[in-house]
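Step one of this worksheet: look at the structure below.
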Amino acid sequence: MTQTYSDAFLRKILTRTRRVAVVGMSLNPVRPSYYVARYLKLKGFDVVPVNPGHAGQEVFGARVVASLAEIEGGVDMVDIFRRPEHVPPIVDDALALFPGLQTIWMQIGVVNEAAADVARERGVDVVMNRCPKIEYQRLFGELRMGGFNTGVISSKL
């Protein structure tokens, strides 16, 4: 289940991305989907929370929508917090709804090769079994402050 992505590939995705639909976002602050979305928002990303169970509620200044189809305007990335078997229809919807979609990102523990292949065939980058929060922190120097060896060489202290 280990996926290999170059730092340059991940950095490119995280640098170009501005608007992220977080599918399966919980409003419970101890859930990973909540604190990942919160972190992305704090880093300046426009986060669109997607969860039918919380539709209409507000979080981080945004209204939770029930589905990707309710999002006004496009998104650059769809970040998926759902079990692997639920990924294909999410990817199909994202590809149909957002012509400018650049990235499908499946969270840690989420891998669906068939859905990934469909997205790649449409020219969309795919990341599986990774977390954008962790990758952002690792690639842009934030984990070093906590004493982690990120494997990224930098002259920043």
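Helix-only estimate, please: 222 nm mean residue ellipticity of the chain, summing -39500 (n - 2.57) across DSSP H runs of length 4 or more and dividing by its residues, to the nearest 500. Intermediate results must be reported in sequence, preceding the final value.
Working: 5 runs with 49 residues, N = 157.
One gets -9000 deg cm²/dmol as the mean residue ellipticity at 222 nm.
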| request: Pick out, from 80, 42, 91, the residue whose Cα sits farthest towards the positive end of the charge dipole of the chain, with +1 on the Cβ of Lys and Arg and -1 on the Cβ of Asp and Glu. | output: 42
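What is the magnitude of the charge dipole of the range 1-43 about its Cα centre, with +1 placed on the Cβ of each Lys and Arg, -1 on the Cβ of each Asp and Glu, and no other charges, expressed in debye to the nearest 20?
Numbers: 9 positive and 1 negative charges, 52 e Å.
Dipole magnitude for the range 1-43 comes out near 260 debye.
About its Cα centre, what dipole magnitude does the chain give when the only charges are +1 on Lys and Arg Cβ and -1 on Asp and Glu Cβ, stated in debye to the nearest 20? Don't skip to the answer; put the middle values down first.
Numbers: 19 positive and 16 negative charges, 143 e Å.
Result for the chain is approximately 680 debye, rounded to the nearest 20.
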| Considering only the chain, what is the antiparallel percent among its DSSP beta bridges, to the nearest 5? | 10
| task | List, in order, the whole-Hz ³J(HN,Hα) value for each residue of the range 61-72 obtained from phi through the Karplus relation with A = 6.51, B = -1.76, C = 1.60 and θ = phi - 60°; use x for Gly and Pro. | result | x, 10, 7, 6, 9, 7, 8, 4, 5, 8, 6, 8
| request: State the label only: which of (i) 18; (ii) 40; (iii) 14 corresponds to percent of Cα pairs over 29 Å apart computed from the shown model? | output: (iii)
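Taken together, the values in this text are just the output of simple stated rules run on the coordinates, not laboratory data. Model, not experiment: these values are computed from the prediction. Cβ atoms come from the backbone with ideal geometry, glycine included; neighbour counts cover every protein chain shown.
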